[in-house]
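The values are calculated or read from the model by the stated rules, or taken from the named source; none is laboratory data. Here the structure is a predicted model, which means the values were calculated and not measured. Neighbour counts are summed over all protein chains in view; Cβ atoms, including those assigned to glycine, are modelled from backbone coordinates with ideal geometry. Note: accessible area is taken over every heavy atom of the protein model, side chains too, but ligands, DNA and RNA are not part of it. Shrake-Rupley method; radii C 1.70, N 1.55, O 1.52, S 1.80 Å.
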Amino acid sequence: MIKSKNYIAVDLGAESGRLTLGKFNGKKIVLEEKHRFTTGGTRLNNTLYWDAIYFFNEIKKGLQKCSKSEISAIAF
């Protein structure tokens, strides 16, 4: 029997970010969204910027939600 492998995908989009856990059993992949957060910009001097520290903290929260699974790889 093939042991399942678990993969995490981190997706940062214009309006939201998410962490998805993919479980591959050798034949099929089952995807489960584990964490979602907003990615709205932070305004500074009339310009919008992404808040990288906020993103980092949200990604850590998502990884904690996946911590019960043995992870083979993480993709950004």
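Going Cα to Cα from Lys65, which lysines come in below 19 Å? Please leave out same-chain ones fewer than 8 positions away.
Of all the lysines, those that pass the test against Lys65 - Cα under 19 Å, at least 8 places apart if same chain - are Lys5, Lys23, Lys34.
Out of these labelled values of log10 I(q)/I(0) by the Debye sum over Cα atoms at q = 0.11, 0.20, 0.24 Å⁻¹, [x] -0.28, -0.91, -1.25; [y] -0.23, -0.81, -1.18; [z] -0.34, -0.83, -1.06, which was calculated from the coordinates shown here?
[z]
Could you tell me the relative contact order of the chain? Use alpha-carbon pairs under 8 Å, at least six residues apart, and round to a whole percent.
Normalised by residue count, the contact order of the chain is 35 percent.
Compute the accessible area per residue over segment 24-76, keeping the other protein chains in place, probe 1.4 Å, unit Å².
On the way: 4340 Å² over 53 residues.
I get 82 Å² per residue for this part.
Filter the trypsin sites (Lys or Arg not before Pro) in segment 1-52 to those in DSSP coil with at most 13 other Cβ atoms within 10 Å of their Cβ, and list the result.
Hits after loop and neighbour filter: Lys3, Lys27, Lys28.
Please give me, ordered by residue number, the GluC sites (Glu not before Pro) of segment 1-40 that lie in loop per DSSP and have at most 16 other Cβ atoms within 10 Å.
Those that pass, being in a loop and sparsely packed, are Glu15.
Run the simple label-point estimate for Thr38 and Lys5 please: 7 Å along Cα→C-beta, distance reported in nm.
According to this spin-label approximation, the distance is 3.8 nm.
Between Lys68 and Ser16, 0.36 nm times their residue separation minus their Cα-Cα distance comes to what?
Length gained, Lys68 through Ser16: 16.3 nm.
Just to check I understand the Karplus step: with θ = phi - 60° and J = 6.51 cos²θ - 1.76 cosθ + 1.60, what whole-Hz values come out for segment 51-59, glycine and proline as x?
Rounded to whole hertz, the list is 8, 4, 5, 4, 4, 4, 5, 5, 5.
Once you list every other residue whose beta carbon is under 15 Å from the beta carbon of Phe37, what net charge do they have if Lys and Arg are +1 and Asp and Glu are -1?
+1
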